[in-house]
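Novice: Structure incoming, see below.
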Amino acid sequence: MSARRPEPVQQIKQRRDGVLNALLTGIPYIQFLDIRFDRRGDELTAILPFDEKVIGNTMLPAIHGGVTAAFLEVTAIVGLSWATLWDQMETGELNPDALTPDTLPKMPKTIDFTVDYLRAGLPRDAYARARVNRSGRRYASVHVEGWQDNRDRLFAQATGHFLMPSSNG
């Protein structure tokens, strides 16, 4: 009985990148805000590159509160979807080449989303990470933290509750 040969690391990375890209192209608002994701293993860091269009208060200047909330909510939904798809992706059951907007797994739906604005978002890049607190068949709870220059100085954080898509479509 021979052991199954491990899959080449580059193939695994390409599959992970392909699934992440499919998730991101499924949400048009991500392209509008130019939100990007840095992937390291199973951890995702969302990046909101600074652009003048995200400024809400030109006197400060500060990132608009709605943009901050949208950035954190996108981070939560993508992070939750990523965590949900991880096992299928790792076994190769989920093929990124076969993912289209029609075949992409359904996204979780927001039940509620509470944002704590801790300080003004300065006119520079912002970062966020989501932590899934609970994920079941029907419901999930996610916490998101957003920062700019220093991970220990959050400018916003949020908690969201999501309705998970049913497995039968």
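Novice: Just subtract the alpha-carbon distance of Ile111 and Gln88 from 0.36 nm times their residue separation and send over the number in nm, one decimal.
Specialist: Separation in residues times 0.36 nm, less the Cα-Cα distance, equals 5.8 nm.
Novice: Pick from Arg131, Arg151, Arg16: which residue has the top mean-square fluctuation in a GNM of the chain where Cα pairs under 10 Å get a spring?
Specialist: Comparing Arg131, Arg151, Arg16 in the GNM, the peak value goes to Arg151.
Novice: On a straight-distance basis, which aspartates and glutamates could pair with Lys109 in a cross-link, Cα separation under 12 angstrom, same-chain partners fewer than 8 positions away excluded?
Specialist: Candidates past the 8-residue exclusion: Glu73.
Novice: Moving to a separate point now. Output the Cα-based Rg and Dmax of the chain in Å, rounding Rg to one decimal and Dmax to a whole number.
Specialist: Rg, Dmax (Cα atoms, Å): 17.2, 71.
Novice: Length gain on complete extension for the stretch Ala98 to His64, per 0.36 nm per residue less the alpha carbon to alpha carbon distance?
Specialist: 8.5 nm
Novice: For n ≥ 4 DSSP H runs only, could you compute -39500 (n - 2.57) per run for the chain, divide by its residues and tell me the 222 nm figure to the nearest 500?
Specialist: One gets -10000 deg cm²/dmol as the mean residue ellipticity at 222 nm.
Novice: For the stretch 74-116, list residues with backbone N below 15 Å from a point placed 7 Å from the Cα of Gln11 toward its Cβ?
Specialist: 89-97
Novice: Please identify every one of the trypsin sites (Lys or Arg not before Pro) in the stretch 66-125 that sits in a loop by DSSP and has no more than 16 other beta carbons within 10 Å of its own beta carbon.
Specialist: Taking the stretch 66-125 and a limit of 16 other Cβ atoms within 10 Å, the loop trypsin sites (Lys or Arg not before Pro) found are Lys106, Arg119, Arg124.
Novice: Under the rule of at least 5 residues apart or a separate chain, name every residue whose amide H is placed under 5 Å from the amide H of Ala156.
Specialist: So Ala156 has HN proximity to Leu118, Gly146.
A short reminder: the numbers here are calculations on the coordinates, not readings from a lab. Note that the structure is predicted; figures quoted are calculated from it, not measured. Note that we place each Cβ from the backbone using ideal geometry, even for glycine, and neighbour counts take in every protein chain shown.
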